[in-house]
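To start, the structure itself, in structure tokens.
The values are calculated or read from the model by the stated rules, or taken from the named source; none is laboratory data. Here the structure is a predicted model, which means the values were calculated and not measured. No Cβ is skipped: glycine too gets one built from the backbone with ideal geometry, and neighbour counts run over all protein chains shown.
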Amino acid sequence: MWDYRRPAPERTAADDYTPISMERVREILGEPQPFIAEKKEPFIGDFMRRFIAHSTFFCLATVDETGAVDASPKGDPPGSVRILDPWTLAVPDRPGNRTADTFENITRSPGVGMVFFVPGVRETVRVNGDAFVTDDPDLLQRLGAEGKPAVLATIVKVREAFFQCGKAVIRARLWEDDPRGLSGSLTLNRDFYAHVTAQMAEKMAANLGEGLGSLGTIVQHHYDTELF
């Protein structure tokens, strides 16, 4: 048995392993295809806006001035995170345990990372940016839920936003049937990648050429053959 009540010893299980360089990582993984490497955009596009508006769960990662990272899960009704413009998100804070770890970090180091989930949708949306906390009363009212204003609001200035494939969600078998039908409402019962292609048509056309119209088929092939 581990005596975890005592201070961590000088040597732990982590010391049994040797870190590798990024060069070695690339040697193992290879390089991403161009349309994947260039998928990041410095704004929230139309379909991404719809995705965030349908999201009921997301994680918000922050870091303090020493580099210590914290990831906080957030759950709310659809539409709670507001897109103020293509470069700005407003995130409500609800009553909680008052530890304020996220706010402690943001006030010391503004960098944040977010990943948004929609029930029933395999793919996710990721947003990275810089954030600050506000108590603007009008904004807190706009971010309210169940007739109560938000306690605080986090403003996120978007640096990059992009779609993430659904392999992790598929491996986890994360979603059961969602009675709210948010998946169909988001995609209008069309293929997810038809919407992605429409939002990023010019960039994807340059990278995929004649394969642009079959992006969904390409991704599904990866899901079927390269999940593990």
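Numbers at a glance
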quantity: Subset of the range 71-83 [crowded, with 16+ Cβ neighbours inside 10 Å, more than 18 Å from L152 (Cβ to Cβ) and not β-branched (V, I, T)]; calculated: P78
quantity: Condition broken by F163, with the remaining ones in (1) within 25 Å of L174 (Cβ to Cβ); (2) over 13 Å from the mean Cα position of the chain (by Cα); (3) assigned to a strand (DSSP E or B) satisfied; calculated: (2)
quantity: Cβ pairs under 8 Å, 6+ apart, first in the range 150-179 and charged (D, E, K, R), second part of a loop (DSSP other than H, G, I, E, B) and surrounded by fewer than 15 Cβ atoms within 10 Å (Cβ to Cβ); calculated: R159/P42; E160/K40; E160/P42; K167/E226; K167/L227; R171/L227; R171/F228
quantity: Index of the failed condition, A68 passing every other in (1) touching a residue at least 60 places away in the same chain (Cβ under 8 Å); (2) farther than 18 Å from A153 by Cα; calculated: (1)
quantity: Residues of the range 68-114 classified as touching a strand residue (DSSP E or B) at 6+ places or on another chain (Cβ under 8 Å), within 22 Å of A53 (Cα to Cα) and in a loop (DSSP other than H, G, I, E, B), total; calculated: 7
quantity: Matching residues, the range 30-46, being at pLDDT below 95 and hydrophobic (A, V, I, L, M, F, W, C); calculated: F35, I36, A37
quantity: Condition met for R26 (modelled with pLDDT under 95 and farther than 21 Å from D130 by Cβ); calculated: no
quantity: Residue count, the range 21-65 (criterion: in contact (Cβ under 8 Å) with a residue 12 or more places away in the chain and either small (G, A, S) or surrounded by 10 or more Cβ atoms within 10 Å (Cβ to Cβ) (or both)); calculated: 30
